[in-house]
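S.K.: Encoded as structure tokens, here's the structure I'll be asking about.
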């Protein structure tokens, strides 16, 4: 099967949008976002063994490859328009390509995001997607826009992708229904596009949680030159806490709960800041997007991260330092 | 070295442009092309062993990785604005990264093209670049715009990248100065950005020659639903012909000259069509861009490719069929 035949058979995307002036099949695709809009661009690369296991269901992989990119658009408050796909494959395996393209294009259709070009080549399995969205000029949710006094919020629930990873690693056993739920969080994350768009004009700064809450909140703090005071009592009310409590002693639960929620990564939820005066508007945005929101702290002028235990006492900095964000190069020899 | 440190140390790009509203460091970069412009987008993936040898000079590789993408912009008549880089590396090798980033950013600077975001990860060496350019709304050089009666032109010279490859393969020996010249064509192609922009409003259809002249002209013919009559006498006046003639007998020269020029690939020249009434304007565009142009045939209404030998006699279709374009999947098991 040649490159052009491979594209025609598996990646012909019927979806059209007026913003795509010219799609697949020329040297470049041509994008025409509306006047007064900014074009948001993000790129992510997924490598076998690093971001997914060779045993992953190709349909789930197709979903996730696009989902992690859409999640970056969500964190800007951008509306998805289109994406490019570059794919290196050891061989043109029809069964794999059918599943992968089905998962990929189903999520693309759900967000009206057009596959507008790409590249395929032989090589070790590698998936590189670049996604494009539009956001009104003044309403992008940037990382550098947090202000002292802002509330800090997170969407959905955290730590469950890490829970599934630990089951795969054999450090924990779950009953089938709990495992299926955790695995779905790891393999089929839901990019929070509707929430990001609903937060335009309401939130100040936002980031998506791909490397863990502490790491991604850290990017906001650094870019905005501010600090944060984070509560931790809310961790005891998470679905991860409930799941772990069904299997482990209290001590065992706590030793996993904190690092997994705070630094587990692969969550693809949003962490964002908004003025305290906008709490009702934030909650309304969450309802509109059908996503639960939790207020977890506030932005401070002092450029440091302080974490409070459930008794409102500061945790030792050494404990916090231990929960570092996940770094894709930290384990490179 | 962590991911963020790797980016800071090797891929901090000082270049700024007004069209880049927000660069590196947020979930997405934000692009703001001018009103009335189209944003041209192209993506290419380079894999070790497939697109380059492990022994390649990293600086040349950095140059080429961006050059092949800029070449796609050139073929649309687009002006480069920015690019994203996704890089999978077996390990963070400082020497390699220094060379690669130097070659990459030098070419980016030469074309005022901003590195505005990306992704780095551990994995088998893989380079994925997505490039953005702008072109006035009605002036993009599309593949589907060739018209019967158009002249067909090529820029620069063809087949020399293939010549270098054959020396590496050991099928031919060249003196040092000839080898250095051929190797430069293979490793450091010059994207024809200035020519593409100069051809706006003059050329009808264009493509860059990455897969070989016949293959890429074939894309224009298919997209435009036309055919072509190609001369071959001009092949005897190419620099490849002169070089080969210094080493080989006439028969040996001809057996290499035709397939290498017509289907060798990796040339990154432009093939384009323009009305016969515009010959002077085409030649002026070539002078303006400091690129030699050769008129090699004309577009016909009949959807077939006819090639004429130097005596103006049609070559047998079987000979033409033999010179197929290079397909990145054709040798996948």
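The values are calculated or read from the model by the stated rules, or taken from the named source; none is laboratory data. Because the structure is a prediction, the values reported are computed rather than measured. Every residue, glycine as well, gets a Cβ built from its backbone with ideal geometry; the counts of neighbours run over all protein chains shown.
S.K.: Testing residue A:43 on (1) within 24 Å of residue B:50 (Cα to Cα); (2) buried (at least 21 other Cβ atoms within 10 Å of the Cβ); (3) at pLDDT below 90, one condition comes back false. Which one is that?
M.R.: For residue A:43, the exception is condition (3).
S.K.: Quick test for you: out of B:86, B:92, B:138, B:60, pick the one residue that is without any contact (Cβ under 8 Å) to a residue 60 or more places away in the chain and surrounded by fewer than 23 Cβ atoms within 10 Å (Cβ to Cβ).
M.R.: Going through B:86, B:92, B:138, B:60 in turn, the sole match is B:138.
S.K.: Of the numbered conditions (1) more than 14 Å from every other protein chain (Cβ to nearest Cβ); (2) out of contact with any strand residue (DSSP E or B) (no Cβ under 7 Å at 6 or more places or on another chain); (3) assigned to a helix (DSSP H, G or I); (4) within 30 Å of residue A:318 (Cβ to Cβ), residue A:171 satisfies every one except a single condition; which is it?
M.R.: (3)
S.K.: Additional query: Could you check how many residues of the range B:100-151 are outside any loop (DSSP other than H, G, I, E, B) and within 14 Å of chain A (Cβ to nearest Cβ)?
M.R.: Count: 23.
S.K.: Quick one: which of A:219, A:204 is within 21 Å of the chain's Cα centre (by Cα) and either more than 26 Å from residue A:317 (Cα to Cα) or not assigned by TED's automatic domain parsing to the domain that holds residue A:167 (or both)?
M.R.: A:204
S.K.: Inspect the range B:211-218 for any residue being surrounded by fewer than 23 Cβ atoms within 10 Å (Cβ to Cβ) and in contact with a strand residue (DSSP E or B) (Cβ under 6 Å, 6 or more places away or on another chain) and give the result as yes or no.
M.R.: Looking through the range B:211-218, none of the residues is surrounded by fewer than 23 Cβ atoms within 10 Å (Cβ to Cβ) and in contact with a strand residue (DSSP E or B) (Cβ under 6 Å, 6 or more places away or on another chain).
S.K.: If you check residue A:35 against the conditions, is it part of a strand (DSSP E or B), at the interface with another protein chain (Cβ under 10 Å from one of its Cβ atoms) and surrounded by fewer than 21 Cβ atoms within 10 Å (Cβ to Cβ)?
M.R.: no
S.K.: OK, next. Being within 28 Å of the chain's Cα centre (by Cα) and crowded, with 17+ Cβ neighbours inside 10 Å is the filter here; which residues of the range B:1-27 pass it?
M.R.: Those that are within 28 Å of the chain's Cα centre (by Cα) and crowded, with 17+ Cβ neighbours inside 10 Å: B:7, B:10, B:11, B:13, B:19, B:20, B:23, B:24.
S.K.: Among the numbered criteria (1) closer than 18 Å to residue B:211 by Cβ; (2) modelled with pLDDT of 95 or more, which single criterion is violated by residue B:265?
M.R.: (2)
S.K.: Those residues that are more than 13 Å from chain B (Cβ to nearest Cβ) and either surrounded by 24 or more Cβ atoms within 10 Å (Cβ to Cβ) or in a helix (DSSP H, G or I) (or both), I need them from the range A:222-235; list them, please.
M.R.: If the condition is that a residue be more than 13 Å from chain B (Cβ to nearest Cβ) and either surrounded by 24 or more Cβ atoms within 10 Å (Cβ to Cβ) or in a helix (DSSP H, G or I) (or both), then A:228, A:233, A:234, A:235 are the ones that fit.
Condition check ((1) without any contact (Cβ under 8 Å) to a residue 24 or more places away in the chain; (2) assigned to a loop (DSSP other than H, G, I, E, B); (3) crowded, with 20+ Cβ neighbours inside 10 Å) across all residues:
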{"site": "A:254", "(1), (2), (3)": "yes, no, no"}
{"site": "A:271", "(1), (2), (3)": "no, no, yes"}
{"site": "A:279", "(1), (2), (3)": "no, no, no"}
{"site": "A:287", "(1), (2), (3)": "yes, no, no"}
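S.K.: Of everything in the range A:43-89 that's assigned to a loop (DSSP other than H, G, I, E, B) and more than 8 Å from chain B (Cβ to nearest Cβ), which residue is farthest from residue A:184 (Cα to Cα)?
M.R.: The qualifying residue farthest from residue A:184 (Cα to Cα) is A:77.
S.K.: Report yes if some residue within the range B:152-163 is at pLDDT below 95, more than 14 Å from chain A (Cβ to nearest Cβ), within 22 Å of residue B:49 (Cβ to Cβ) and surrounded by fewer than 20 Cβ atoms within 10 Å (Cβ to Cβ); otherwise report no.
M.R.: Looking for residues that are at pLDDT below 95, more than 14 Å from chain A (Cβ to nearest Cβ), within 22 Å of residue B:49 (Cβ to Cβ) and surrounded by fewer than 20 Cβ atoms within 10 Å (Cβ to Cβ), one finds none in the range B:152-163, hence no.
S.K.: How many residues are outside any loop (DSSP other than H, G, I, E, B) and without any contact (Cβ under 8 Å) to a residue 60 or more places away in the chain if we restrict to the range B:5-21?
M.R.: First, pick out the residues of the range B:5-21 that are outside any loop (DSSP other than H, G, I, E, B): B:5-10, B:20-21.
Still in the running and without any contact (Cβ under 8 Å) to a residue 60 or more places away in the chain: B:5, B:8, B:21.
Total meeting the criteria: 3.
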